[in-house]
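Accompanying notes for the structure given below.
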Amino acid sequence: MFADVIIDIQHEKLDKIFQYRIPEEIEDKLSPGMEVVVPFGNGNREIKGYVTGISETCGYDLSKVKEIISISEQGVEIEARLIALAAWMKENYGGTMIQALKTVLPIKQKEKAKIKKRLRLLLDQETGERQLHFYLEKNQKARARLMAALLDDPVLEYELVTKKLNITMPVIRALEEQGVLEMESEQVFRDPVKKSEQKEEKITFTPEQRYIIEEFRKDYLTGLRKTYLIHGVTGSGKTEVYMEMIHTVVEQGKQAIVLIPEIALTYQTVMRFYRKFGSRVSIMNSRLSAGERYDQMMRARAGKIDVMIGPRSALFTPFPDLGLIVIDEEHESTYKSEQTPRYHARETAIRRAQMEGAGVVLGSATPSLEAMYRARLGEYVLFEMKNRSRMQQMAEVYTVDMREELKSGNRSILSRKLQELIQDRLERGGQIMLFLNRRGYSGFISCRECGHVIKCPHCDVSLSVHRDGRMRCHYCGYEQPRITVCPECGSHYIGEFRAGTQQIEDIVKEQFPGVRVLRMDMDTTRSKDAHEKILSAFANEEADVLVGTQMIVKGHDFPNVTLVGVLAADMSLYTGDYRSGERAFQLLAQAVGRAGRGKQPGEAVIQTYDPGHYAIETAAAQDYEAFYEEEIRYRELMGYPPAEELLAVLISGEDEALLEKGCHYLKEYILRLTPRTEARTVRVIGPASPGIDKIKDIYRRVIYIKTEQYGTLVGIKDRIERYIEINPGFDRMRIQFDFNPM
Ligand code: ADP
Ligand code: ZN
Ligand code: ZN
């Protein structure tokens, strides 16, 4: 037996994996993640390494392969646990060990972390001027130039001084030694809480909150580590519950990771954690440079912080004694990685927690089908929070049938009910949000008169219009010409839904003269911080109406919003994949939840051509249970996750003909393979378009494999990996695996 060993995890040298022979006496004990002592280099110096994998074959000249000396006796280090987690991820999500290691280990970049430095003048104006004269007399030009600049502006950016004033480091050092100036480096994570704000607001927990907190505490203190799912309506006080749970864990000398989707990681949220845990909290986000992120990871490893808050990647924070992982908004698709290994943070968190003796808490107002399914199977402990913590009422929701609007002669994108309510709010001074979802919009065809949507006869998902004018199924590849007459009612009023946020802004302005409108979409949020600026302008009531895409339904709370309009609910209903109903329900429920967060009760209008669709009906009724029952029935009927497991094999390459051939052979191979697996019900679908057929001249196809056991899919993945390795031709294609794609 042979072991893959990495020697150096400090630098960007993870690509260097060495193979060593495993001595028989430790064969049974060795597993990925373990620290071992190996001979290295020409002198066979004894050094430490980590096992990343074990195999029966060796890729090198057998006579040159060295043998592992021993398993390191030291206690298990955090790196060892993360490497073991990486091995699990590689196995369960595909890809290489190196890709997995790069995902889980904090990597120190070669280039130095960029720290913003500043120079600050320490002298008063008068002394400074005397010093300037002194330099000038001595003909010390560089020193004089810097001194003059500092007299103009007592705090200078280091970059500006070195690049624009051409001052070198020795000059700066000299002035520093003379006590003229000091160098400051901007600390990225200074405690942002002003002392005056630091006092923690005392709240009395609601009975629902208290129950969960106490149940968790009982489990935790008796050593039970479980996965909990908190299903709590927005505003029910979940965040307060998480903080209290974390408190329990920190009290025991352990640490906690809190995952929050980046878009919801707002200043307010962060402040709440700071108020409770002070400077022992750290935040990870995409604005940090690689170096800064590394520094945060090292602070965590050194035990300098107790709580790490961040998006998906914060899951791999190297805490020495991890006690709890919280995943807020657990249903969010951003928890699924889009890079190999395409892991899901929920499953990976549960795995990490198991390996390290930690608990997991999932929270959502609209739990994913996966999480609720597991909870109902008894794998997770389910907690419900049905009331808002301050007892605000849920919004009143009106569903408007747009077919009826058409029949009554209203061709506007705004229904009469919505127009009437907008007018009312403008008169009474409440704020309005108008929401148009375009995410995942796949160009489905529907009838404006009867609402009929063209679907795949085999897969029960909507067909998508492609540029060549044909309509295709993104699962099985079924296609047909684009239709121009409704097959249900014969109407010619059938086509793609075309409306953008810009158009809505124009219509609102035209129809309600003098109205102040803000718009938030891809176009208006390109620049950095634009997102925050628009939201805070709206929060400051600088506008009456906020028009936007799905971006506006998350994060901020606007207490003055008393009307929410969902302009085309259908756009999220037909995204051409099996999750469209779930995504639509979540978005609608969230959008509706935006109304009436303050003292005034709210109202919401959902405009649709299909008011009877279960996702719309249940979202309007704010009835998650009813939605879940319908949706899980559909998943079971069609064999989609979580009822069954689904593996997408993505194949891409530059040569289209070769790609087609490759897909053909691969599918044949998978079909030949499947009778040999235990499961009888393996189904292979495709090859089909993954939505976009070509990106940057690389053609793309996808084959889907559906079955009941996840393990069966892992086995098939392993076989495919070996198959493509030994078959020429596949080296000109790229094959990636996506388990239960989002
Ligand atoms: P969620 O995370 O479920 O949306 P939050 O924890 O953010 O809910 O709570 C919503 C609001 O209610 C916050 O402003 C929070 O401070 C407040 N809140 C939470 N629990 C209580 C409570 N027991 N008493 C009073 N206010 C509360
Ligand atoms: Zn029709
Ligand atoms: Zn199909």
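Structure above, values below:
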{"read-out": "Alpha-carbon Rg with Dmax, taken over region 357-439, Å", "value": "20.1, 64"}
{"read-out": "Cβ-derived FRET efficiency at R0 60 Å, Asp623 paired with Asn166, nearest 0.05", "value": "0.30"}
{"read-out": "Placed amide H near Asp321: partners under 5 Å, 5+ positions off or other chain", "value": "Gln255"}
{"read-out": "Antiparallel DSSP beta bridges within the chain, percent to nearest 5", "value": "55"}
{"read-out": "With 5 Å bins from 0: P(r) over region 215-328, alpha-carbon pairs, percent", "value": "2, 11, 23, 25, 21, 11, 5, 1, 0"}
{"read-out": "Listed peptides 487-495, 560-568, 16-24, 58-66 by packing density, highest first (mean Cβ within 10 Å)", "value": "560-568, 16-24, 487-495, 58-66"}
{"read-out": "Karplus (6.51, -1.76, 1.60) ³J(HN,Hα), θ = phi - 60°, over region 261-271, in Hz, Gly and Pro reported as x", "value": "x, 3, 5, 9, 7, 8, 3, 4, 4, 4, 4"}
{"read-out": "For Gly232, distant residues with modelled amide H under 5 Å away", "value": "Ser364, Ala365, Met385"}
{"read-out": "Part-to-part distance (alpha-carbon centres) for region 512-565 and region 239-277, which is given in Å", "value": "27"}
{"read-out": "Inter-centroid distance (Cα atoms) of region 203-224 relative to region 441-509, Å", "value": "49"}
{"read-out": "Convex hull per residue volume in Å³, alpha carbons only, for region 612-736", "value": "126"}
{"read-out": "Using θ = phi - 60° and Karplus 6.51 cos²θ - 1.76 cosθ + 1.60, couplings along region 363-373 (whole Hz; Gly, Pro as x)", "value": "x, 6, 7, 9, x, 4, 4, 4, 5, 5, 4"}
{"read-out": "Cysteines having no other Cys beta carbon under 4.7 Å from their own, within the chain", "value": "Cys58, Cys476, Cys663"}
{"read-out": "Cα coordinate range in the chain, projected on the principal axes (Å, largest first)", "value": "89, 77, 57"}
{"read-out": "Point-to-point label distance, Leu122-Met355, nm (Cα→Cβ direction, 7 Å offset)", "value": "4.9"}
{"read-out": "FRET E, pair Ile98, Glu654, Förster distance 25 Å, beta-carbon r, rounded to 0.05", "value": "0.55"}
{"read-out": "Under 5 Å, built H, 5+ apart or other chain: amide partners of Val605", "value": "Tyr398, Val564, Gly565, Val566"}
{"read-out": "Debye log10 I(q)/I(0) for region 507-610, one point scatterer per Cα, at q = 0.22 Å⁻¹", "value": "-1.31"}
{"read-out": "Point-to-point label distance, Lys386-Lys141, nm (Cα→Cβ direction, 7 Å offset)", "value": "8.2"}
{"read-out": "Length gained when the stretch Ala530-Asp506 is fully extended (0.36 nm per residue, less Cα-Cα span)", "value": "6.6 nm"}
{"read-out": "Vicinal HN-Hα couplings computed from phi for region 541-550 (Karplus, 6.51 cos²θ - 1.76 cosθ + 1.60; Hz; Gly/Pro x)", "value": "6, 7, 9, 8, 10, 10, 9, x, 8, 4"}
{"read-out": "Convex hull projection area averaged over all views, region 612-670, Cα basis, nm²", "value": "6.5"}
{"read-out": "For region 340-479, the fraction of alpha-carbon pairs in successive 5 Å shells from zero, as %", "value": "2, 6, 9, 10, 11, 13, 14, 14, 11, 7, 3, 1, 0"}
{"read-out": "Förster radius 41 Å - calculated FRET efficiency between Thr681 and Ile7 (Cβ-Cβ, nearest 0.05)", "value": "0.35"}
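Quick note: the coordinates plus some simple rules give every number you see, no bench work behind them. Computed from a predicted structure; not experimentally measured. Backbone-built Cβ (ideal geometry, glycine too); neighbour counts: all protein chains shown.
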